[in-house]
Each structure stands twice: as structure tokens, then as C-alpha cells.
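Accompanying notes for the structure given below.
The values are calculated or read from the model by the stated rules, or taken from the named source; none is laboratory data. Here the structure is a predicted model, which means the values were calculated and not measured. Cβ placement follows ideal geometry from the backbone for every residue including glycine, while neighbour counts extend to all protein chains displayed.
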Amino acid sequence: MTIPLTKLVVLFCVFYPGIILSDARLFTVFNACPFTIWPALFTDLNAGTAVPNFPTGWEAPPLTAVSFPVPDNWKAGRIWGRRDCDFSLAPAPTCLSGWCNGGLLCDPRTGTGVPPASVAEWTLQGDGLRDFYDGMCCLLLTPHLLSWCANAKKTQFRLSMGIIFPCGLLTPPTVQSQTAMSTWAHRGPFDSTGFPVGCKSACAANLDGNPTNSPNCCSGSFDTAATCPPSGVQFYSYFKSNCPNAYAYAYDESSGTALWTCDSNLNADYTLTFCPSPNGIDPVPISQSVSNATPINGNASHVH
């Protein structure tokens, strides 16, 4: 049986006073999957110039973790996992899912993850001195996001991103109906056994045939929150019901369950875990490395 790249993803936001320099946060990426993945890191330099002084891609064998400092004003940063990679193929697509321009090291300007990829995103010290973080789910089994953000009194809250997303179990188009054909179009790419490892959004599947002016893509005349409501996005309810606390389309902030925050004054650290245990008790990493490199701080404006 094929195991999806991120059967589950866990994200922790925890306050650890004095663990690293005051102008940096500690990010940890843990691969709890039983197979190798290749995490990727990207910073949108149009949003800010502060970037982590850490490789933009690396190999993560099973049960290994890496920790590295991130500038406390990191803007539009993202981390995602890649599966079944062969970097000798660059510049052609190098991974079955989540590949980026650049190969192992994603290009710092154009190396965003190519769908399908389940992406965790951060903007630290955003509007109102809040850390903003969210997830976008496209892989076969939806990431499961658990987040704890301690406040000054060290109380905690918990949110659950979603349940298992049965993309690989969608009905083939044996019944020649528009619904069946559209549902089938969501599936892929496929591994060597023909099993789908991801789900395409209605936009990526090009269900309406006009990606430059589409309510599914929030493009053209639909490029604002007012003109691109969830009611106009095909299969929105299906994606959102299976992954309620993540983005299901571009303007999903209106759901109230897509974008999450922490008080920036807490200097919270974050851990992103691939394939964590459903019972919340993850295995212990057999290997963990910590980078002491100094983050590269730019003059990023505090905007989300």
C-alpha cells in the first residue's frame, strides 16, 4: 500500500524563553514518516527580505529532525515536503509531488512548491504584532494540524486541521456525468503503481476551462474576496469539510478557520512534523541536528 508523503502534519507554536537569540526563532522540521522526504523552504522576497540562513532544501531520512534559527520578522515563509525525488532530472520536475525550480535547493526567487503540495506558511511580526500561520492541504491524506500557542499565563489552545482526505478513493468516471468527471479530475499525480498521491484544487484541475478568468482560481474578474466567494468555488465544501482549519481556496480567511495567530511578543518557536502519530505521541528522532547559523535580517516591513 502506498503511504502518502504527509499522512499527517503537526505544527506546534510554543513559547520557550531564552532558547535562542532574542532576534530569532527556532524552527524544527521532523520527519516521522517511514520513508525519506525532501523538505523545502522558500521566502517570498516581495514580502520581506529577512530569510533563514539555512539551505532551501534538504534530504530528511525517516525519524530525523533539523532545527534552525529563523528571523523574528520572517515574512511569507513556507515549508513543505517533497516525495520520490530524483535531482539528476533538474531542471525538469524532480519530485513526484512538491517539486520546485532549482532541484534539491529551491531557487530563492522562483522556487515555490508546485502543486500538489501541503504547505505550512508563516509571517512573523505581522499586523498588530501577531505571528500568522496557516496550512494549505493538497496531498492524498490531509495534514492534521495541532497547534499550541502559549500566552503570558501559559494557557494553551488546540486546533485540528482536518481528517483523512480520501482523494485516492474518489470514484473513477465510470458513470459519464459531469460530477463524476470533475471529481476524477482532482486526482493525481500518480506513483509507479498508479496510486494517486495528491489532490488538485478546482483551479489546478482547470474544471471550468478558463484559468485566467475563473471563480475557482479567483482570477480575472474574480480576483477579490468580494467577487470570489466560496460559493463560487467548485468542490469547496468537499475540501473544507475534510480539512476545516486550513485554506481550501485563495480567500478562505472569510471562513474564520484558515488563518491562525500567536502574539509576536512571546517569541514563539515552531515545530513542523511530517507523519506524526494520530494519538499525539510521536516517535523520538534517531538523529537531530541544530544549525547555529545567524539569520539574515533585512528591512522587512511589518505587513501580513
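Check LEU129, LEU124, LEU96 and return the single one that is in contact (Cβ under 8 Å) with a residue 60 or more places away in the chain, crowded, with 24+ Cβ neighbours inside 10 Å and among the aliphatic types (A, V, I, L, M).
Going through LEU129, LEU124, LEU96 in turn, the sole match is LEU124.
In segment 231-256, what residues are of a type outside the set (S, T, N, Q), in contact (Cβ under 8 Å) with a residue 24 or more places away in the chain and surrounded by fewer than 17 Cβ atoms within 10 Å (Cβ to Cβ)?
GLU253
Condition first: at pLDDT 50 or above and either in contact with a strand residue (DSSP E or B) (Cβ under 8 Å, 6 or more places away or on another chain) or of a type in the set (Lys, Arg) (or both). Can you find one or more residues in segment 3-23 that meet it?
yes
Could you tell me whether THR28 is of a type in the set (Val, Ile, Thr) and under 16 Å from ASP269 (Cβ atoms)?
Yes, satisfied.
Given the conditions (1) modelled with pLDDT under 85; (2) of a type in the set (A, V, I, L, M, F, W, C); (3) crowded, with 23+ Cβ neighbours inside 10 Å, which single one is not true for PHE42?
(1)
Quick one: is PHE35 of a type in the set (Phe, Trp, Tyr), modelled with pLDDT under 90 and not in a strand (DSSP E or B)?
So PHE35 fits the description; yes.
Might you let me know whether segment 79-86 holds any residue that is in a strand (DSSP E or B) and farther than 19 Å from PRO34 by Cα?
Yes, that holds for at least one residue.
Please work out which one of (1) at pLDDT 75 or above; (2) in contact with a helix residue (DSSP H, G or I) (Cβ under 6 Å, 6 or more places away or on another chain) is the condition CYS199 fails and give its number.
Exception for CYS199: condition (1).
May I ask you to list the residues in segment 207-224 that are surrounded by 12 or more Cβ atoms within 10 Å (Cβ to Cβ) and either at pLDDT below 95 or not small (Gly, Ala, Ser) (or both)?
Across segment 207-224, the qualifying residues are LEU207, ASP208, ASN210, PRO211, ASN213, PRO215, ASN216, CYS217, CYS218, PHE222, ASP223.
Restrict the check to segment 71-83 and report whether at least one residue is at pLDDT below 90, over 26 Å from TYR133 (Cβ atoms) and surrounded by 16 or more Cβ atoms within 10 Å (Cβ to Cβ).
Looking for residues that are at pLDDT below 90, over 26 Å from TYR133 (Cβ atoms) and surrounded by 16 or more Cβ atoms within 10 Å (Cβ to Cβ), one finds none in segment 71-83, hence no.
Could you say whether any residue in segment 89-102 is assigned to a loop (DSSP other than H, G, I, E, B) and at positive phi?
yes
Are any residues in segment 202-259 out of contact with any Pro (no Cβ under 9 Å at 6 or more places or on another chain), closer than 22 Å to ARG78 by Cβ and hydroxyl-bearing (Ser, Thr, Tyr), and if so, which ones?
Of everything in segment 202-259, just one residue is out of contact with any Pro (no Cβ under 9 Å at 6 or more places or on another chain), closer than 22 Å to ARG78 by Cβ and hydroxyl-bearing (Ser, Thr, Tyr), namely TYR247.
Looking only at residues in segment 257-283 that are at pLDDT 75 or above and more than 18 Å from the chain's Cα centre (by Cα), which one is surrounded by the fewest Cβ atoms within 10 Å (Cβ to Cβ)?
So, considering only residues that are at pLDDT 75 or above and more than 18 Å from the chain's Cα centre (by Cα), the one surrounded by the fewest Cβ atoms within 10 Å (Cβ to Cβ) is ASN265.
Give the number of residues within segment 241-262 that are part of a strand (DSSP E or B) and among the aromatic types (Phe, Trp, Tyr).
Selection size over segment 241-262: 2.
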